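All remarks here apply to the structure that follows.
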Amino acid sequence: MKRRSLVVGEALVCLALLSNGVNAQSESNAPHLRKQGAATQLIVDGKPFLALAGELGNNSATSLEYMKPVWPKLQEEKLNTVLAGVSWAQIEPQEGKFDFAIVDGIIQAARRSNLHLGLIWFASWKNGLSSYPPDWVKRDYEKYPRIQIEGGRSIELLSTFSAANRDADAAAFTALMRHVREVDSRQHTVVIVQVENEVGVLHDSRDRSPVANKAFDGPVPKELMDYLVKHKDTLNPEFRAVWQAHGFKTSGAWEEVFGPGKPEGFEMPVRSLSPPLSKEAHDNTEWRKLTWPADEFLMAWQYARYVNHVAAAGKAEYDIPMYVNAWLQQPDHAWPGTFPSGGPLPEVMDIWKAGAPAIDMLSPDLYLQYFDEVCTRYVKEGNPLFIPETRAGAAGAANALIAFGEYDAIGFSPFGIDRFAGNNPELASIYDLLAQLSPLILEHQGNGSMTAVQVNQDDSPKDVRLGGYSMHVALASERFLPPSERHSPGLGAALLISTGPDEFYVAGSNVSMTFTPNTPGPPLAGLATVEEGRFVDGRWTPGRLLAGDDTGQGEDIQLRPNGILRVTLYRYR
Ligand code: DGJ
């Protein structure tokens, strides 16, 4: 009997050890980033993961009731991840008293819908301003100060210069991440976190409170100068040009090192977000130049330090990937202050890297038509691409192919998904296609064997090179297709993966493509096998075998809407 109870006791201890072991193991297996060649991938449950995401409206996830009818629509839209806001005011209604009931409900509902979650920490700032801090923060303006703009006017935007603001935010974020660890460190429903939202000063190019003015007149911090000196040759070109124009000084006040800020008395368009640009300046690229860089750079440093403090505090509780998102400079928001000044834009990426090492990614909210250009600027120096906000529709579907196929993106996420989910066939179809291709895409990210291309009706055909061939990619003629098979006229996109010598998978819509060898040997390429098909559980399942009309009598391939082709080639002369 005695022996028996000992055995039971031993077994219980073993079980306890085992379950601790499992806990520790799954926790150390928390979502994280891992390099694969030139790419960085999001690893979930030990495997790379492509986030086929959508972002909810800002406040949708503050009500479980509101979300009830939304979840099935997200599944219909073929998402595997949803980005949901967490309101600071909602989780900390009284100082130090936390209520995670809604967060828990959202996590559970996401699990039931087979979705992962990205949480958006709507805290000190959302689109520059401060609408999400709790009441007790907003009311106590002496303790939690606002910034001041030209004329000494305070606006509803918490100051980056206040340790009280920063510490209150960090304490709440710490509690949130501790809670997420407690409820999710084994299941990994939450895979990524956005810290704040589109930070930066609006309505002026910088904070002009006395404490901010003192910092502006004081020296550029040594930590930042040291970083810039160390990375001088690889800095963002626009940033470097500004520093160079002022003699690459390695110390001095912000205006001495980076040139003048906004002149005193200059009228900023406070109500309208559009600076008064001339038509020419608007239409050409003049709007892209850096106006009042010293102001923007000071604010970038301030936000980076503050956000880093918050993110590091959260990561100390639960270390999963974290990013910050940017409202980009654009023709109608060209001056700092008409876009949030100091946010993580490409021109201040180096300042963010120096100031916010706890942040894993700087992410563009990409509504601009210059999709490729923005992606190119954001993937500089190994910054992984995660697009938390963008458009859906046919253009969004084409962009999704480009993001994953050309820029090795981790995630793509049209904004306002709850408004249009269930009613956006282009997004559902492209996510279905990308879900089929995910294992192959993930295998090929970062090793130069994948690319993607987009053509619209104003473009000439484009040439891309991959796997020893040049592909000439044109908008497909839809003349011969029945109306039901016509895609979005005027827009085509394809993702190409080289899977072996003379073998490619080509996926997308509405393009035609010819192949020419670009390595020594016979100069012409012929289509050996062209199969259409699907990937089922990662395995290629061929459908029709194509020749004749479907391959231009052997001269090109044509992608039907959201089609996948397996193509093998031979060479001849
Ligand atoms: C950008 C913001 O980051 C989002 O939260 C949302 O407000 C959209 N703009 C609205 O278009």
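Okay, here's what the table says:
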item: Leading residue by the ranking (nearest to the ligand (Cβ to nearest atom)) among those in region 332-357 that are over 23 Å from Ile149 (Cβ atoms) and open to solvent by 10 Å² or more (accessible area, probe 1.4 Å); result: Lys353
item: Filter result for Asp372 (of a type in the set (Asp, Glu), part of a helix (DSSP H, G or I) and open to solvent by less than 10 Å² (accessible area, probe 1.4 Å)); result: no
item: Any hit, region 25-47, residues being part of a helix (DSSP H, G or I), open to solvent by 20 Å² or more (accessible area, probe 1.4 Å) and farther than 19 Å from Pro321 by Cα; result: no
item: Region 406-440: number of residues that are within 16 Å of the ligand (Cβ to nearest atom) and part of a helix (DSSP H, G or I); result: 4
item: Hits in region 503-543 (condition: of a type in the set (S, T, N, Q), at pLDDT 95 or above and part of a loop (DSSP other than H, G, I, E, B)); result: Asn518, Thr519
item: Unique residue being assigned to a helix (DSSP H, G or I) and within 16 Å of the ligand (Cβ to nearest atom) when the list is Ala84, Ala109, Ala89; result: Ala89
item: Which numbered condition Thr81 fails, given (1) crowded, with 20+ Cβ neighbours inside 10 Å; (2) farther than 30 Å from Ile430 by Cβ; result: (2)
item: Unmet requirement for Thr499, which otherwise passes all of (1) modelled with pLDDT under 95; (2) closer than 22 Å to Gln454 by Cβ; result: (1)
item: Residue match in region 145-166 (condition: at pLDDT 95 or above, open to solvent by 10 Å² or more (accessible area, probe 1.4 Å), acidic (Asp, Glu) and closer than 15 Å to Ala311 by Cα); result: no
item: Any chance Ala61 is within 14 Å of the ligand (Cβ to nearest atom), of a type outside the set (Lys, Arg) and either in contact (Cβ under 8 Å) with a residue 24 or more places away in the chain or surrounded by fewer than 21 Cβ atoms within 10 Å (Cβ to Cβ) (or both); result: yes
item: Region 379-398, subset within 16 Å of the ligand (Cβ to nearest atom) and not hydrophobic (A, V, I, L, M, F, W, C), residue surrounded by the most Cβ atoms within 10 Å (Cβ to Cβ); result: Pro388
item: Failed item in (1) surrounded by fewer than 16 Cβ atoms within 10 Å (Cβ to Cβ); (2) at positive phi; (3) part of a loop (DSSP other than H, G, I, E, B); (4) not hydrophobic (A, V, I, L, M, F, W, C), with Glu142 passing the rest; result: (2)
item: Boolean, Val257 is at negative phi, within 16 Å of the ligand (Cβ to nearest atom) and open to solvent by less than 10 Å² (accessible area, probe 1.4 Å); result: no
item: Tabulated pairs, region 194-222, first closer than 20 Å to Pro364 by Cα and open to solvent by 10 Å² or more (accessible area, probe 1.4 Å), second among the hydrophobic types (A, V, I, L, M, F, W, C) and within 16 Å of the ligand (Cβ to nearest atom), C-beta under 6 angstrom, 6+ apart or interchain; result: Glu198/Trp327
item: Members of region 310-327 that are under 13 Å from Val201 (Cα atoms) and open to solvent by 10 Å² or more (accessible area, probe 1.4 Å); result: Trp327
item: Positions within region 149-159 being of a type outside the set (Gly, Ala, Ser), within 22 Å of Asn197 (Cβ to Cβ) and in contact with an Asp or Glu (Cβ under 7 Å, 6 or more places away or on another chain), in sequence order; result: Ile149
item: Residue satisfying all of: in region 470-496; assigned to a strand (DSSP E or B) and open to solvent by 40 Å² or more (accessible area, probe 1.4 Å); modelled with the lowest pLDDT among these; result: Leu475
item: Selected residue (criterion: farthest from the ligand (Cβ to nearest atom)) from residues of region 117-152 that are of a type in the set (D, E, K, R) and either under 26 Å from Ile410 (Cα atoms) or touching a Lys or Arg at 6+ places or on another chain (Cβ under 9 Å) (or both); result: Glu150
item: Unique residue being aliphatic (A, V, I, L, M) and open to solvent by 10 Å² or more (accessible area, probe 1.4 Å) when the list is Ala123, Ala89; result: Ala89
item: Residue list for region 540-573, filter: under 21 Å from Ala428 (Cα atoms) and of a type in the set (Lys, Arg); result: Arg560
item: Inter-residue pairs, beta-carbon under 7 Å, first over 15 Å from Met177 (Cα atoms) and in region 87-104, second at pLDDT 95 or above and open to solvent by 70 Å² or more (accessible area, probe 1.4 Å), 6+ apart; result: Ala89/Asp135; Pro93/Asp99
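The values are calculated or read from the model by the stated rules, or taken from the named source; none is laboratory data. Since the structure is predicted, the reported quantities are computational estimates derived from the model, not experimental observations. Cβ coordinates were reconstructed from backbone atoms using ideal geometry, including for glycine residues, and neighbour counts include every protein chain displayed. Accessible surface is based on the protein model in full, side chains and every heavy atom, while ligands, DNA and RNA are left aside. Shrake-Rupley method; radii C 1.70, N 1.55, O 1.52, S 1.80 Å.
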